[in-house]
Amino acid sequence: MDDELFEKGLEIRRGVLGAEYVDKSIASADDFNRDFQELVTTYCWGWCWGREGLSKRDRSLLNLAMLASLGKLEELKLHTRGAITNGVSVDEIKEALLQVAIYAGVPASLSAFKAAREVLIEDGVLK
C-alpha cells in the first residue's frame, strides 16, 4: 500500500463522506475487511477521486448516476450526502436521477429517487 496515497484518500474521503462516518468504518475494520478499507481509501479515494481531471462535484454527480443505475441504494444514500457537501444542488440531483430513468430504466430511477429523497429530508435539505 502507498502510505502517501492512503493519506490523500483519507483526507478526500473524510471531506466528502464526513470524518465521523469514515473514521468509524476504518476503526471497525477487522482482520477480514481491513485490507478492503485500505484498498478503497487508497485507490478509490486517493488515486481516483484525487485526480485532477474532474471536480469533486462532477465526480459526485457521476457516482449518483452510476449507483442509481446499479441499484446500490445504501451507497447512493451515502453519496447523496457527499454530493450536497460537494456543491451539487437538489435540482442537479433530481436531473441526474431523471437521466437514469432514460438510460438505466424507470425502476432504477424510482428506487434512487426514494433513497435520495429520504436522505435529503433526513438532513433537512428538503422539507
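Elements of the type helices (runs of 4 or more DSSP H) sitting completely within the stretch 1-49 and holding at least 3 residues that are closer than 22 Å to LEU64 by Cβ: these cover 3-17, 19-27. The set of residues in the stretch 58-86 being within 8 Å of the chain's Cα centre (by Cα) and either basic (Lys, Arg) or more than 16 Å from LEU120 (Cα to Cα) (or both) consists of ASN63, LYS77, ARG81.
Looking at GLY105, is it at positive phi and at pLDDT 95 or above? Yes, satisfied.
Being closer than 30 Å to ASP2 by Cβ and in contact (Cβ under 8 Å) with a residue 12 or more places away in the chain narrows it down to one residue among VAL90, VAL16; which is it? Step through it out loud before you land on a result.
Values: VAL90 fails: closer than 30 Å to ASP2 by Cβ.
Criteria check complete, one pass: VAL16.
Scanning the stretch 56-89 for residues that are hydroxyl-bearing (Ser, Thr, Tyr) and assigned to a helix (DSSP H, G or I), we see that the one that is surrounded by the most Cβ atoms within 10 Å (Cβ to Cβ) is THR80.
The values are calculated or read from the model by the stated rules, or taken from the named source; none is laboratory data. Remember, predicted model here, so these are calculated numbers, not experimental data. Cβ atoms come from the backbone with ideal geometry, glycine included; neighbour counts cover every protein chain shown.
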